[in-house]
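Remarks on the structure that follows.
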Amino acid sequence: GLTPPGRGQSWCAACWEAFEPQSALGWRKLSEQVYERSGGICECGCGTDMAAVAQAARQAGWHARAAVLWGMGVRRAGRVYEIDHTIPLVDGGAHELSNLRLLFEPCHRRVTAEAARARGRARREAKREAAPQKGLFDEG
């Protein structure tokens with residue numbers, strides 16, 4: 001991957017364009033664009049409004065905020081939503097706006113777990129298909 005240039009060096013436009021989406025600033029900009037595009041609504045189909053979730057947590061006050069979020073299924077402190085890769089990076093997806101979607105944190109956990117299980121099933125199936133098949137009367 002690309003690494004930032006050393007002190008006194010600068011980026012050419014093409015290198016910055018390739019690296020910038022992977023940087024913290026680039027990811028923040030992409031995240032904001034995904035949020036704006038979705039209108040703050042979870043894109044898994046559940047329709048959860050992130051602003052409403054945040055408002056409910058704020059109204060509960062600091063002492064009850066974690067309990068309110070826990071009751072909604074949020075398990076990561078301070079993370080009401082996640083930016084999800086529609087096609088996971090491990091499957092060849094990219095850090096591009098067209099491959100990103102806004103998911104409520106519990107939905108993101110579910111979608112990620114489902115994808116991991118599907119990859120595991122595919123790996124096991126590929127191993128079975130690649131393994132030599134022993135017949136009923138084969139030795140060994």
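For the stretch 34-80, the set of residues classified as in contact (Cβ under 8 Å) with a residue 24 or more places away in the chain, under 14 Å from Glu105 (Cβ atoms) and either open to solvent by 80 Å² or more (accessible area, probe 1.4 Å) or of a type in the set (Asp, Glu) (or both) consists of Glu43, Arg75, Arg76, Arg79, listed by residue number.
Of the helices (runs of 4 or more DSSP H) lying entirely inside the stretch 1-84, the ones with 1 or more residues being modelled with pLDDT under 90 and within 22 Å of Leu97 (Cβ to Cβ) are found at 13-19, 24-38.
Filtered by the rule that a residue be in a loop (DSSP other than H, G, I, E, B) and open to solvent by less than 70 Å² (accessible area, probe 1.4 Å), the stretch 87-105 gives Pro88, Gly92, Gly93, Ala94, His95.
Among the residues of the stretch 121-133, those that are open to solvent by less than 90 Å² (accessible area, probe 1.4 Å) and assigned to a helix (DSSP H, G or I) comprise Ala122, Glu125, Ala126, Ala130. Of all the residues in the stretch 107-120, those that are open to solvent by 30 Å² or more (accessible area, probe 1.4 Å) and within 18 Å of Trp70 (Cβ to Cβ) number 3.
The values are calculated or read from the model by the stated rules, or taken from the named source; none is laboratory data. Keep in mind that this is a model prediction, so the values were computed, not measured. Note that each Cβ is placed from the backbone with ideal geometry, even for glycine, and that neighbours are counted across all protein chains shown. Just so you know, the surface numbers come from the protein's heavy atoms only, side chains and all, with ligands and any DNA or RNA stripped out. Shrake-Rupley method; radii C 1.70, N 1.55, O 1.52, S 1.80 Å.
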